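Heads up, the thing below is written out as structure tokens.
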Amino acid sequence: MNETSIEVAAPEHKPTAPLTADPDAQALAERIARLAWDKKGGDIRVLAVYELVNYTDFFVVVDARSDRQVAAISGHIEDTLREEGSKPLSVEGTEKNQWVILDYGAVVVHVFFE
């Protein structure tokens, strides 16, 4: 991934009535991917899941090389978005920083210790 382009993977499953993603949710997912990139997150993926699940529109999945990097990435995302006026609905996994989940409703962020 380079800093100027974010690839959004669309689901291959096609329901009978096509759904569309919320453009605000897609913009948030792309913003989160860039924030993860700032902290050297690896294998960053933005996955459009709005046609597959009913609880979110996008997953952002990020690898980290250590528990400290998991904490740095998730903390950077949470702190920056909070300054911009977006608070997560919930945050899980910060005790051990092996797998942190940040739930922003339409976007769920998974930061994994690879």
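Among the numbered criteria (1) among the aliphatic types (A, V, I, L, M); (2) modelled with pLDDT of 95 or more; (3) under 11 Å from the mean Cα position of the chain (by Cα); (4) surrounded by 18 or more Cβ atoms within 10 Å (Cβ to Cβ), which one does A48 miss?
For A48, the exception is condition (2).
Scan the range 57-67 residue by residue and report those that are assigned to a loop (DSSP other than H, G, I, E, B) and either surrounded by 18 or more Cβ atoms within 10 Å (Cβ to Cβ) or touching a Pro at 6+ places or on another chain (Cβ under 6 Å) (or both).
The answer is D57, and nothing else.
Can you find, within the range 83-102, the residue that is farthest from T56 (Cα to Cα) among those that are in a strand (DSSP E or B) and open to solvent by 40 Å² or more (accessible area, probe 1.4 Å)?
Only one residue tops the list, namely W99.
The values are calculated or read from the model by the stated rules, or taken from the named source; none is laboratory data. Since the structure is predicted, the reported quantities are computational estimates derived from the model, not experimental observations. We place every Cβ from the backbone using ideal geometry, glycine too, and count neighbours over all the protein chains shown. What goes into the accessible areas is simple: the full protein's heavy atoms, side chains included, and nothing from ligands, DNA or RNA. Shrake-Rupley method; radii C 1.70, N 1.55, O 1.52, S 1.80 Å.
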